[in-house]
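Participant: Have a look at this one before I ask anything.
The values are calculated or read from the model by the stated rules, or taken from the named source; none is laboratory data. What you are looking at is a predicted structure, and each value in this text was computed from that prediction instead of being measured. Every residue, glycine among them, receives a Cβ derived from its backbone with ideal geometry; neighbour counts consider all protein chains shown. The area values use the complete protein model at the heavy-atom level, side chains included, leaving out ligands, DNA and RNA. Shrake-Rupley method; radii C 1.70, N 1.55, O 1.52, S 1.80 Å.
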Amino acid sequence: MEQKIHQGRNVKRFREMLGIKQEALAYDLGNDWNQKKISILEQKDVIEDSLLKQISNSLRIPVEAFQNFDEEQAINIISNTFHDTQGLINYSPTFNNNPIDKLIQLHEEKIALYERMLKEKDEMMARLEKLISK
(Lines give C-alpha, C1' and ligand atoms only; values in the text may rest on other atoms or scores of the structure.)
Protein backbone atom coordinates (compact mmCIF):
# COMPACT_ATOMS: atom_id res chain seq x y z
CA MET A 1 0.00 0.00 0.00
CA GLU A 2 1.58 3.24 -1.15
CA GLN A 3 1.13 6.16 1.21
CA LYS A 4 0.63 9.55 -0.40
CA ILE A 5 2.54 12.53 0.84
CA HIS A 6 0.23 15.33 1.98
CA GLN A 7 1.89 18.45 0.57
CA GLY A 8 -0.43 20.88 2.34
CA ARG A 9 0.32 19.33 5.70
CA ASN A 10 4.03 19.57 4.91
CA VAL A 11 3.66 23.29 4.12
CA LYS A 12 1.96 23.74 7.49
CA ARG A 13 4.66 21.74 9.33
CA PHE A 14 7.54 23.72 7.87
CA ARG A 15 5.73 27.04 8.29
CA GLU A 16 5.08 26.28 11.96
CA MET A 17 8.66 25.07 12.51
CA LEU A 18 9.85 28.42 11.20
CA GLY A 19 7.41 30.27 13.46
CA ILE A 20 5.64 31.95 10.54
CA LYS A 21 1.94 32.78 10.82
CA GLN A 22 -0.51 32.06 8.02
CA GLU A 23 -1.06 35.81 7.59
CA ALA A 24 2.67 36.40 7.02
CA LEU A 25 2.86 33.63 4.41
CA ALA A 26 -0.23 35.06 2.71
CA TYR A 27 1.40 38.49 2.63
CA ASP A 28 4.55 37.03 1.05
CA LEU A 29 2.50 35.24 -1.62
CA GLY A 30 0.77 38.43 -2.76
CA ASN A 31 -2.44 40.45 -2.68
CA ASP A 32 -4.62 37.52 -3.79
CA TRP A 33 -3.79 35.64 -0.59
CA ASN A 34 -5.18 35.82 2.93
CA GLN A 35 -5.10 33.68 6.08
CA LYS A 36 -8.22 31.72 5.09
CA LYS A 37 -6.76 30.78 1.68
CA ILE A 38 -3.55 29.58 3.38
CA SER A 39 -5.62 27.48 5.77
CA ILE A 40 -7.46 25.88 2.83
CA LEU A 41 -4.15 25.39 0.97
CA GLU A 42 -2.68 23.53 3.96
CA GLN A 43 -5.54 21.01 3.74
CA LYS A 44 -4.79 20.06 0.11
CA ASP A 45 -3.14 16.72 -0.64
CA VAL A 46 -1.42 18.05 -3.77
CA ILE A 47 -0.40 21.63 -4.49
CA GLU A 48 0.37 22.94 -7.98
CA ASP A 49 4.10 23.06 -8.77
CA SER A 50 4.12 26.79 -9.51
CA LEU A 51 2.48 27.56 -6.17
CA LEU A 52 4.85 25.19 -4.35
CA LYS A 53 7.74 27.10 -5.93
CA GLN A 54 6.35 30.41 -4.60
CA ILE A 55 5.91 28.93 -1.12
CA SER A 56 9.41 27.46 -1.35
CA ASN A 57 10.86 30.89 -2.13
CA SER A 58 8.88 32.54 0.65
CA LEU A 59 9.84 30.01 3.35
CA ARG A 60 13.33 29.42 1.93
CA ILE A 61 12.80 25.66 1.90
CA PRO A 62 13.40 23.43 -1.15
CA VAL A 63 10.30 22.39 -3.09
CA GLU A 64 11.39 18.77 -2.64
CA ALA A 65 10.87 19.08 1.12
CA PHE A 66 7.14 19.70 0.58
CA GLN A 67 6.90 16.99 -2.07
CA ASN A 68 8.87 14.24 -0.32
CA PHE A 69 8.70 14.68 3.47
CA ASP A 70 6.82 11.83 5.10
CA GLU A 71 6.51 12.07 8.88
CA GLU A 72 5.93 8.35 9.32
CA GLN A 73 9.12 7.51 7.40
CA ALA A 74 11.08 10.08 9.40
CA ILE A 75 9.86 8.54 12.68
CA ASN A 76 10.78 5.05 11.44
CA ILE A 77 14.26 6.20 10.44
CA ILE A 78 14.82 7.86 13.80
CA SER A 79 13.53 4.90 15.80
CA ASN A 80 15.62 2.45 13.78
CA THR A 81 18.77 4.58 13.92
CA PHE A 82 18.98 5.46 17.59
CA HIS A 83 19.22 2.60 20.06
CA ASP A 84 19.78 2.27 23.76
CA THR A 85 23.51 2.74 24.34
CA GLN A 86 23.48 1.95 28.05
CA GLY A 87 26.40 -0.47 27.83
CA LEU A 88 28.46 1.70 25.50
CA ILE A 89 28.88 4.77 27.68
CA ASN A 90 32.37 5.45 29.01
CA TYR A 91 31.88 6.37 32.65
CA SER A 92 35.49 7.40 33.20
CA PRO A 93 36.33 9.62 30.25
CA THR A 94 39.70 11.28 29.86
CA PHE A 95 39.85 14.88 28.67
CA ASN A 96 42.75 16.05 26.57
CA ASN A 97 41.39 19.53 25.91
CA ASN A 98 43.36 22.62 26.67
CA PRO A 99 41.05 24.87 28.74
CA ILE A 100 42.25 28.01 26.97
CA ASP A 101 41.52 26.49 23.55
CA LYS A 102 38.06 25.54 24.76
CA LEU A 103 37.50 29.07 26.09
CA ILE A 104 38.54 30.58 22.75
CA GLN A 105 36.25 28.17 20.90
CA LEU A 106 33.29 29.10 23.13
CA HIS A 107 34.00 32.78 22.61
CA GLU A 108 34.06 32.34 18.82
CA GLU A 109 30.80 30.39 18.94
CA LYS A 110 29.23 33.17 21.02
CA ILE A 111 30.32 35.78 18.47
CA ALA A 112 28.96 33.67 15.58
CA LEU A 113 25.65 33.25 17.41
CA TYR A 114 25.45 36.97 18.10
CA GLU A 115 26.12 37.76 14.43
CA ARG A 116 23.42 35.29 13.35
CA MET A 117 20.97 36.86 15.77
CA LEU A 118 21.74 40.34 14.41
CA LYS A 119 21.25 39.14 10.85
CA GLU A 120 17.91 37.55 11.73
CA LYS A 121 16.85 40.74 13.53
CA ASP A 122 17.72 42.80 10.44
CA GLU A 123 15.73 40.42 8.21
CA MET A 124 12.77 40.60 10.57
CA MET A 125 12.94 44.40 10.68
CA ALA A 126 13.00 44.53 6.88
CA ARG A 127 9.94 42.28 6.79
CA LEU A 128 8.13 44.43 9.35
CA GLU A 129 8.99 47.60 7.44
CA LYS A 130 7.65 45.98 4.30
CA LEU A 131 4.42 45.08 6.13
CA ILE A 132 4.05 48.58 7.56
CA SER A 133 4.65 50.34 4.25
CA LYS A 134 1.69 48.55 2.60
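Participant: Look at I61 and say whether it is assigned to a loop (DSSP other than H, G, I, E, B), surrounded by 13 or more Cβ atoms within 10 Å (Cβ to Cβ), under 15 Å from the mean Cα position of the chain (by Cα) and modelled with pLDDT under 90. Spell out how you get there, then give the answer.
Facilitator: On the way: assigned to a loop (DSSP other than H, G, I, E, B): yes; surrounded by 13 or more Cβ atoms within 10 Å (Cβ to Cβ): yes; under 15 Å from the mean Cα position of the chain (by Cα): yes; modelled with pLDDT under 90: yes.
Yes, satisfied.
Participant: I'm trying to understand the selection: among the residues of segment 101-134, which are among the hydrophobic types (A, V, I, L, M, F, W, C) and open to solvent by less than 100 Å² (accessible area, probe 1.4 Å)?
Facilitator: Start the filter on segment 101-134 by keeping residues that are among the hydrophobic types (A, V, I, L, M, F, W, C), which leaves 103-104, 106, 111-113, 117-118, 124-126, 128, 131-132.
The answer is I104, L106, I111, A112, L113, L118, M125, A126, L128, L131.
Participant: Out of segment 81-110, which residues are at pLDDT 60 or above and under 23 Å from the mean Cα position of the chain (by Cα)?
Facilitator: Those that are at pLDDT 60 or above and under 23 Å from the mean Cα position of the chain (by Cα): T81, E109, K110.
Participant: Would you pick out the residues in segment 1-43 that are in contact with a Lys or Arg (Cβ under 7 Å, 6 or more places away or on another chain) and hydroxyl-bearing (S, T, Y)?
Facilitator: Result: no residue meets the conditions.
Participant: Among the listed residues E16, E42, identify the single one that is open to solvent by 80 Å² or more (accessible area, probe 1.4 Å), under 21 Å from P62 (Cβ atoms) and either modelled with pLDDT of 90 or more or touching a Phe, Trp or Tyr at 6+ places or on another chain (Cβ under 6 Å) (or both).
Facilitator: On the way: E42 fails: open to solvent by 80 Å² or more (accessible area, probe 1.4 Å).
Of E16, E42, the one residue that is open to solvent by 80 Å² or more (accessible area, probe 1.4 Å), under 21 Å from P62 (Cβ atoms) and either modelled with pLDDT of 90 or more or touching a Phe, Trp or Tyr at 6+ places or on another chain (Cβ under 6 Å) (or both) is E16.
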